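So the structure is just underneath, and the comments pick up after that.
Bear in mind that the values in this text are calculations on the coordinates, not laboratory data. What you are looking at is a predicted structure, and each value in this text was computed from that prediction instead of being measured. Here Cβ is always computed from backbone atoms with ideal geometry, including for glycine, and neighbour counts include all displayed protein chains.
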Amino acid sequence: MTANMHAFANGAELAGKLADKVTEALSAAIAARGSASIAVSGGSTPKAFFQVLSSRSIDWGKVTITLVDERFVPADNPRSNHLLVQENLLRDKAAAAKFLPLYQAVASVEEAAAIATEKTKVVSQPFDVAILGMGNDGHTASFFPGGSNLLTALDPKTPRGIITMEAEGAGEPRLTFTFSSLQDARLLVLHIEGEGKKDVLAKAEAPGEETEMPIRAVLRRAASPVEIYWAP
Ligand SMILES: O=C1O[C@H](COP(=O)(O)O)[C@@H](O)[C@H](O)[C@H]1O
């Protein structure tokens, strides 16, 4: 419903300030409830932020990290979001955190979604922090324009959990948390970088169908304010 823009001079400054904000949110969750949860995105954007966050003094043993979305590929695949998190976030002080992968080594992506939904039930109600990204096509999480399960994924009545998505722009079949799982995170961030993404955001903020630019569902209907972190 509400979006707040936080603009920074460069990616390094953004990474530091976003790490400050997430450190504060995870530490507050631990103080209030004894544990904390964070769902992070993959792609190319979050790498520097992950590296800065991994060195922050948080009681990481009480933090569970999972992914907003994942490709149906094992963790040694270069396109795996798990691999990105393994190499850039689950290191230094953050190596003590618990990680819940979405990918499961089973025969079908549907089976993997069912297993991942069960395994992540402990943390997603709601997340303390969810960091979303956005593609140039206006997708967020794996809510792709033209996606096989897009309407179900965006339906606020679809329960929390993970569903499958196939789309032309997605490459491999995907696993993604549903809109209902992400939209009420206590800290809901949209992390984007570059002038191109700023233009995509402006287009998404204009009138149009959610199915054409699924990020619109988050910008228009999330229960939590969307904190937009942007740098050129
Ligand atoms: O496919 C994906 O892309 C988006 C955006 O990635 P970026 O490379 O443009 O930063 C990402 O948020 C999502 O988690 C990922 O699976």
ask   = Along the positive direction of the dipole of the chain (beta-carbon charges: Lys, Arg +1; Asp, Glu -1; about the Cα centre), which of SER108, PRO145, SER180 reaches farthest?
value = SER180
query = For the range 151-185 and the range 84-115, what is the separation of their C-alpha centers, rounded to whole Å?
reply = 17
request  = Please give the FRET efficiency for ALA31 paired with LEU83, using the beta carbon to beta carbon distance and R0 = 30 Å, rounded to the nearest 0.05.
outcome  = 0.40
ask   = Roughly how many debye, to the nearest 20, is the charge dipole of the range 81-120 about its Cα centre, given +1 on each Lys and Arg Cβ, -1 on each Asp and Glu Cβ, and no other charges?
value = 240
key: trypsin sites (Lys or Arg not before Pro) lying in DSSP loop within the range 96-131, provided at most 10 other Cβ fall within 10 Å   = none
task = Determine, for THR120, THR158, the number of other Cβ atoms within 10 Å of each Cβ, and report the residues in order from fewest to most.
result = THR158, THR120
query = Can you give the charge dipole size of the range 46-160 about its Cα centre, rounded to the nearest 20 debye, using +1 on the beta carbon of Lys and Arg and -1 on the beta carbon of Asp and Glu?
reply = 340
Taking the chain and dividing mean pair separation by its residue count, relative contact order in percent (alpha carbons under 8 Å, at least six apart) = 25
Gyration tensor verdict on the chain (Cα atoms; rounded if a/c is under 1.5, prolate if a/b is larger than b/c, oblate otherwise) = rounded
note = Surpassing 25 Å at the alpha-carbon level, of the pairs LYS121/LYS157; LYS17/LYS119; LYS21/LYS198; LYS21/LYS119; LYS21/LYS157, are LYS17/LYS119; LYS21/LYS119; LYS21/LYS157
query = Quick one: in the range 115-179, what % of C-alpha pairs are over 17 Å apart?
reply = 41
ask   = Hey, what did the range 177-232 get for relative contact order, percent, Cα under 8 Å, at least 6 apart?
value = 56
inquiry  = I need the peptides 37-50, 75-88, 143-156 ranked by packing, meaning the mean over residues of other C-beta atoms within 10 angstrom, with the highest value on top.
reply    = 37-50, 143-156, 75-88
task = Mind putting together the pair-distance distribution for the range 148-221? All Cα pairs, 10 Å bins, whole percent per bin, short to long.
result = 17, 46, 35, 1
